[in-house]
Amino acid sequence: MRTPRNDQLTETDRAKGRGSHVPERRCVVTGEVAPAQRLVRLALGPDGCIAPDVHAKAPGRGAWIGVTRTELEAAQSKGKLKGGLARALHSGDILIPDDLGERIAGQLARATLDRLGLESRAGTLISGNDKIEQAARRGQVRLLLHASDAGEDGRKKLAQAWRVGENDEGSGREGMVLPVDRNALSMALGRENAVHLAIIDARAADRVLAHLSRWQFFTGWSRDAANRVSSEDSRVAGDEAVSTDSGASDAFLKE
């Protein structure tokens, strides 16, 4: 099956040096080019219907978006999304579901929770206040995560242990509050009362953040999260990382 033209860079893009290190794609809404891992692929089904393909594995033609849900729905209501998709897919006979934004958000959430579940089974994710605190003080924690309904005292205590373990007291380093509560986390991990989580492997932290940052960016939690995740940067922060209980936090990744 041929590779969709929209899934590849143009000769002009290559001449400018784009795509020399990582795959890049063009957003059909803004026209901007960015690493594919920061964007979301939309796949064209045999019935002409557009569906989210957050893992970018669906066969057939596809196009990419790199905007928030609010921006996507605005573009959809104005016809800009359909126009961009029609040009990218070389077809005017496409159907865009009214709840496309909701479907994308749901897939991004599931991908992130599935990733956490995989890391749990691989032994790179730990939970439980005492276990996390011990690992944090030993300098073993690479990423600290909390359920949206986690208590402030518990978050602060673990963050303090993390800073001590990294000899980083006074930095203000904190964990990241996830947009799901303890029940959702517990179901994803197959554990009871999963409130606080810690990733103890640097590569695992990268994998989790790759999914989490796209989810946050699309839902508007952290508009620039997609631009801040880097394996060369020791800090990943969200300007608007707000939990469902109005808590806020920055996330830091130590390599």
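Computed from the coordinates by the stated procedures, all read-outs in this text should not be read as laboratory data. Quick caveat, the model's predicted, so the values are computed rather than measured.
Quick look at the values:
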{"item": "Inter-centroid distance (Cα atoms) of the range 102-121 relative to the range 152-202, Å", "result": "18 Å"}
{"item": "Distance histogram in 10 Å bins (all Cα pairs of the range 43-133, percent per bin)", "result": "14, 39, 22, 14, 9, 2"}
